[in-house]
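Colleague: Have a look at this one.
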Amino acid sequence: MDFQLSDDQRALRSGMRDLLGAVFDRDRLRSAVDRGGALDRALWRELGAAGFFALRLPEEAGGVGLGLPEAVLLFEEAGRALLPGPLVATHLAAGLVKGAAEGEAVVTAVDGELPVAHLAEADAVLVGAEALAGEALRAFVAAARPVRSVDPLTPLHQVAGLAAATEAYPGALRHEGALLTAAEQLGSAARTTETAVQHAGDRKQFGSPIGSFQAVKHLCADMLARTEPARAAVYAAAVTGDPVEIAAAKLLADEAAVRNARDCLQIHGGMGFTWEADVHLHLKRAWLRSASRLDRAGAEELLAAGLGAARPLPGGSAASGRGVPEAGGGG
């Protein structure tokens, strides 16, 4: 199985990076922080016009007709840019909620007992397999209370009595949501690695770039060593769609995003702790994502169950009853 990106996939990823660089640069990022994470509806519509939400809808339904691997590439770029908003929920709701595919509607989702993101601005909320809108949504919002968010770009509301809501999700939506969240984490991990390396080359102490110091080199190397296995796991899970592989990808991507942001902050030294630096935004978002859509405990349980169900094959190897894909290309 060849996990190398095709020319079209590279062009898609490059195009999304260029788009986000144009419509969501650092000034707009900081403006969003100053607004307390309030959504920019114009930006949301621009994403819709670019096909971000309708990417996987069939062409006859007004979509782009691509698949989960391509969606992962777009969400990786969104994670790099710290793009705010309930991106995963709106993407999953395309074709289910009117206006979601076009970016005209903002859709959020309930995730177990966790606070709901961007609830006050949502046009619909996914609760299990049901999408609440109109009067039902207004009643749902009225029963919620705002809570303080660790991420200044993600306002949160707590709603009581939702423990079993996530369990009611169709399995595909639940697992796809976890994988797209992992892709965002991957993008953040890659971005903080690049930021750390750049700062290590620019910042000088004792007349030398700090990147020439062995301790800093080791931190940067560790960041890359976490990012690339996470990338391989996320891309592979996007191809197979296997829930166990998605759980492994989420575990690796969460670890890479959180630990890389911490190491990036460490490399920045005292300035990394300041409000003006962007490093803390990556760390706070990584913390929030790691607790959502298949947290560490849930991913470990799913992974352990999958490994426990493996059966031995001739030659001493093991595989699940789903079968083993044959290798067919480069790494």
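The values are calculated or read from the model by the stated rules, or taken from the named source; none is laboratory data. Predicted, not measured: the structure shown is a model, and the values here were computed from it. Heads up, the Cβs are rebuilt from the backbone with ideal geometry, glycines too, and the neighbour counts pull from every protein chain shown. Note: areas computed on protein heavy atoms with side chains; ligands, DNA, RNA excluded. Shrake-Rupley method; radii C 1.70, N 1.55, O 1.52, S 1.80 Å.
Colleague: Taking square-rooted eigenvalues a ≥ b ≥ c of the alpha carbon gyration tensor, is region 74-115 rounded, prolate or oblate, where a/c under 1.5 means rounded and, failing that, a/b exceeding b/c means prolate?
Modeller: It is oblate, given that a/c is not under 1.5 and a/b is not larger than b/c.
Colleague: Using the heavy atoms of the protein chains alone and a 1.4 angstrom probe, what is the accessible area of the chain per residue in square angstrom?
Modeller: On the way: 15340 Å² over 331 residues.
Averaged over the residues of the chain, the accessible area is 46 Å².
Colleague: Mind checking region 192-288 for GluC sites (Glu not before Pro) that DSSP puts in a loop (not H, G, I, E or B) and that have at most 11 other Cβ atoms within 10 Å?
Modeller: E276
Colleague: Nearest 500 deg cm²/dmol is fine: what mean residue ellipticity at 222 nm does the chain get from its DSSP H runs of n ≥ 4 alone, each adding -39,500 (n - 2.57), divided by its residue count?
Modeller: Estimated from H runs of four or more residues: -17500 deg cm²/dmol.
Colleague: Also, quick follow-up: Mind checking which aspartates and glutamates have their Cα closer than 20 Å to the Cα of K98? Skip sequence neighbours fewer than 8 apart in that chain.
Modeller: D40, E46, E59, E60, E121, D123, E130, E135
Colleague: Where the Cα atoms of region 10-94 are projected onto their three principal axes, how long is each span, largest first, in whole Å?
Modeller: For region 10-94, the Cα extents along the three principal axes come out at 40, 25, 16 Å.
Colleague: Considering only DSSP beta bridges whose two residues both sit in the chain, what percent are antiparallel, to the nearest 5?
Modeller: 75
Colleague: Right, here's the next one. For the chain, what Kirkwood radius comes out of the mean inverse Cα-Cα distance, in Å? Working shown, then result.
Modeller: Working: mean 1/r = 0.0483 Å⁻¹.
About 20.7 Å, per the Kirkwood formula over Cα pairs.
Colleague: Which lysines does K250 reach when only Cα atoms under 27 Å apart count, and residues fewer than 8 places away in its own chain are ignored?
Modeller: Here the lysines satisfying the reach criterion relative to K250 are K217, K284.
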